[in-house]
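Coordinate-derived values only; no laboratory data. Computed from a predicted structure; not experimentally measured. Cβ sites come from the backbone with ideal geometry, for glycine too, and all protein chains shown count toward neighbours.
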Amino acid sequence: MRKFLALVLCTTSGTMQAAENIEWPAYGGGPGGGHYSTAAQIHRDNVRNLEVAWVHRSGDFKGGTQSLTETVSEELQGNRPTSFIGTPIVTEGRMYYCTPFNRVFALDPATGAEHWVFDPQVDMSQEGLSNCRGVSSWRTRQPQGAACEHRILLATLDARLIALDGATGKRCADFGSNGEVDLTDGLTEHRGNEYGVTSAPAVIGNLVVTGAYVTDSIRDDIPAGVVRAYDVRTGSLAWSWNPVHPDQPQRDAQGRFTPATTNVWSTISVDEARGLVILPTGNSSPDYYGGDRDGEQDYYSSSVVALNAADGSVAWHYQTVHHDIWDYDVPAQPTLMDLTIDGETRPAVVQVTKMGLTFVLDLETGKPLHPVEERPVPQTGAVPGEYLSPTQPFPTKPAPLHALGITPEDAWGFTFWDEGHCREQLENLVTGPIYTPPSLQGTVFYPSNLGGNNWGAPAVDPNRQVMITNTKHTPIEIKLLKREDCPKGVAFPQEGSPYCAVMQPLLSPLGAPCTAPPWATLDAVDLASGEILWRVPLGTLKHLAPWPVPLFVESGLEAGGPIVTAGGLVFIAATSDGYIRAFDSSDGAMLWEEELPATGNAVPMTYVHNGRQFVAIAAGGHFTSPLPSSDHLMVFALPE
């Protein structure tokens, strides 16, 4: 992080002290993620004094009715509520963030006053999602006072990569055409809402690298999940990597990127010293049926892949799920750190997964730093035409953060009555260990395809070598239907395959998950030993009662994640009750909470500006949230 000396004013104890301005220059806090800050002005002893310092509202939000499990008919496509899940960055003395409509604001970090706003004019009526996790920053190493020496890089829902002058918000005219690059160039035909970017691009040297979100449950010939690097000054294509098998061509006979390859929708990490770009890949399309895959289509699916930044060639890759038919794609930014195990320090990649399994890999080779075992998994119950991998990788360390399977004996309820209903549901569905395949009868995924862990985690304290992550514990039922039985507008049509898919949470008649609480936890893991240090429930039932009100479906789908600071604190929202909280990073004790105007389904961030530490969270809800959407960027600090 860039740091500039400044004078701190009075602290809460009334003393004067010198400190540093501490930035948050990238989505994950740094180019290798981690969501960690050296800021310590706010600490265990004074966090209870936090108050709202300022609020910024963009006006970019709307209500709606569609949830994840409903149909995707054309008339409902643009009717989802907005999801404000962005994490601001603070760099070069300003805060920058993007809204669900892809507008970008530049603010004064101390007051929230607007410096400029940029509107890319995305036609939101054509988009199925309204997600923008963040923007990125690049700065020339030899500034001469010219325009666009500091660039803010935005990737949009309608598949454009845009470079803006960090000082003025004007387009950088030398980048692509009028400051933008068309990311649909080279793709096969598709509808606009099938391809776009929801995560901040990565920056390494003078390159900007981006993948894209592809709706991979819609059809089997979706656009390519190609990853591309562009010259940050000119916008010219430096290299592209399409995740086809190494023996297969990157492009088809028409020169288009070979379609139906796995995509990289989440956040990319970079290691500039080693010249590596670290990718978390999605799973092959369609999500829940793989019988038509040629065996090579899965080669880079659900993997961590390291590319050489110089030319986009593969340095190594490690697969976390073989032949993934559970949508257990790699959801979170790979976290890069130096890790000491048994006295030996190695550069590491820490990768959390939807399964609640954590893979710790050598950054230079991709080999596991903690042992991983290939264990037999269920081989029966798949639909006709499907095939299954005989084994799956299970890390022996760290310990799993989620139960790896479910049976009718795991049924739970508030009363004997609703517990009995849950047990009956489980008895009528296919249950079993993790990696039990989807079925025509209906299969319970536990962990679900939403996690375990998802895109918001983890946060890692590099000094203590401790990982903090939030884990979901809610079961989901996936049922495959024969093509002739698929209703119009089904949420997961999987066109081109013999089956569509329907998904719903496994709930009691009172609307609660059919498994015992807590339905979300905050977990701390020693990455060196693999031990779980502590685990605490995350969230309450506020806004979800009285019953019967079937809103727990929404709570299971919510998103967000933690940050950790040198002040010994973990900050996280990510709950249906609409609170942001601070926990003691040493033992998980909750030290502070504040109710937000809407659910905080983003990852918070923190920074020190002019000697004062601030904590910011996007409180605008999610399209699956039980609370209305909003546009509040909430910023907290200690009293001056």
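Scaling the Cα radius of gyration of region 88-153 by the globular reference 2.2 N^0.38 Å produces a ratio of 1.25.
Values (1) 12; (2) 40; (3) 25 are given for comparison; percent of Cα pairs over 45 Å apart, derived from the coordinates here, is the one labelled (1).
Couplings for region 623-636, taken from phi via the Karplus curve 6.51 cos²θ - 1.76 cosθ + 1.60 with θ = phi - 60°, read 5, 10, 6, x, 9, x, 5, 8, 9, 7, 9, 9, 10, 10 Hz in order; Gly and Pro are left as x. Listed from fewest to most Cβ neighbours within 10 Å, the set W316, W24 follows the order W316, W24. Peptides 612-623, 588-599, 264-275, ordered by how many other C-beta atoms sit within 10 Å of their residues on average, highest first, read 612-623, 264-275, 588-599. Phi angles of region 259-265 translate, via the Karplus equation with coefficients 6.51, -1.76, 1.60 and θ = phi - 60°, into HN-Hα couplings of x, 6, 8, 4, 9, 10, 8 Hz per residue; Gly and Pro are given as x.
At a Förster distance of 22 Å, what's the computed FRET efficiency of F394 paired with D292, Cβ-Cβ distance as r, to 0.05?
Efficiency for this residue pair is about 0.20.
Summarising the strand pairing of the chain, around 95 percent of its internal DSSP beta bridges are antiparallel. Taking label positions 7 Å along the Cα-Cβ direction at both T234 and T111, the computed distance is 4.2 nm, reported to one decimal. Model label sites at N178 and D526, defined 7 Å from Cα along the beta-carbon direction, differ in position by 5.9 nm.
Neighbour counts of C-beta atoms inside 10 Å place H473, H322 in the sequence H322, H473, starting with the fewest. Extension gain for A146 to R48 (0.36 nm times residue separation, less C-alpha to C-alpha distance): 30.8 nm.
For the chain, the tally of Lys pairs with Cα-Cα distances below 26 Å comes to 10, considering only residues 8 or more apart or on different chains. Taking other C-beta atoms within 10 Å as the exposure proxy, F101, F394 rank F394, F101 from fewest upward. Taking a virtual spin label 7 Å from the Cα of Q441 along the C-beta vector, which residues in region 379-417 bring their backbone nitrogen under 12 Å of it? Residues 380-383, 408 fall inside that zone. Size descriptors for region 245-368: radius of gyration and Dmax over Cα atoms are 15.1, 54 Å. Just to check, using Stokes-Einstein with a Kirkwood Rh over alpha carbon pairs, what's the diffusion coefficient of region 395-472 at 20 °C and 1.002 mPa s in µm²/s? Taking Rh from Cα pairs, D becomes 146 µm²/s.
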